[in-house]
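**Q** Got a structure for you, written out below as structure tokens; questions coming shortly.
No lab work stands behind these numbers, since they all come straight from the coordinates. Here the structure is a predicted model, which means the values were calculated and not measured. Quick reminder, even Gly has a Cβ in these numbers, built from the backbone with ideal geometry, and neighbours come from all protein chains shown.
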Amino acid sequence: MAATPSIFRLSPSSLLGWTAAYSIWEPISYFLIRALSGARTVGEYYDPRRTPVAVVFFGDFIYSTFILLVAQALGAGVGLQGMWKNLGMFLGVQWTSDYLWYLLVSALPKGTSRYVDFFQRYTREVGVGALVGDSLYGIVWLALAQGLVSFAPVWTQLAAIVLFMFGTLVVSY
């Protein structure tokens, strides 16, 4: 009997499931976060008139995928077994990455780029709440990814990614 695939193990299927889950979760979270957050900067980030949709979508994907890859490498390096230990590793990497990102954007001069300027304002306004929000966002993404890796046919995962990319193109231009 084959082992259940794991989102926490680097493989083509885990990266496919991660990307497909993102393609489903990101559009939902785009509207959900904007509706639930009272922070002015969050509203700015999720307002397509202020921040291009593609900047939000692909910035989130690149940053979060880096976190997943580091967590997968560290987990494999120390031989982590089990969902809870791997989730703890992921959250530890996410909190560390968020803190390092905060240190970086805080050290850069205002006017470096609109992206950096936004995150300078965001970290001042939201503070530690950003860590909690990013953790909840990541947990939902991981759970959905694990479900897709375990149960969804490859073609449906690819279809989700392609439709997401097309939708992003449509709303971005």
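**Q** How many angstrom lie between the Cα centre of region 112-173 and the Cα centre of region 31-109?
**A** 8 Å
**Q** Here's another thing I want to ask about it. Where does region 16-86 land on the Kirkwood hydrodynamic radius, alpha-carbon pairs, in angstrom?
**A** 14.0 Å
**Q** What FRET efficiency, computed as 1/(1 + (r/R0)^6) with R0 = 41 Å and r the Cβ-Cβ distance, is obtained for residue 170 and residue 81, rounded to the nearest 0.05?
**A** Plugging the Cβ-Cβ distance into 1/(1 + (r/R0)^6) gives 0.45.
**Q** About its Cα centre, how strong a charge dipole does the chain have in debye, to the nearest 20, once Lys and Arg get +1 and Asp and Glu get -1 at the Cβ?
**A** 160 debye
**Q** Still on this structure, I have one more. Among 147, 87, 109, whose Cα sits farthest toward the positive end of the charge dipole of the chain (+1 at Cβ of Lys/Arg, -1 at Cβ of Asp/Glu, about the Cα centre)?
**A** 109
**Q** Treating the angle as unsigned and between 0 and 90°, give the value, to the nearest 10°, between the Cα long axis of helix 114-126 and the longest Cα principal axis of the chain.
**A** Between the helix axis and the principal axis of the chain, the angle is about 90 degrees.
**Q** Using 7 Å Cα-to-Cβ label points, what is the residue 104/residue 54 separation (nm, one decimal)?
**A** Reported label-point gap for residue 104 and residue 54 is 2.2 nm.
**Q** How far, in degrees from 0 to 90, does helix 83-107 lean away from the longest principal axis of the Cα atoms of the chain, to the nearest 10?
**A** Orientation of helix 83-107: about 20 degrees from the principal axis.
**Q** What's the angle, to the nearest 10 degrees (0 to 90), between helix 129-151's Cα axis and the longest principal axis of the chain?
**A** 30 degrees
**Q** Same structure, new question: Sorted from largest down, give the three principal axis spans of the alpha carbons of the chain, whole angstrom values.
**A** Ordered largest first, the chain gives principal extents of 55, 38, 27 Å.
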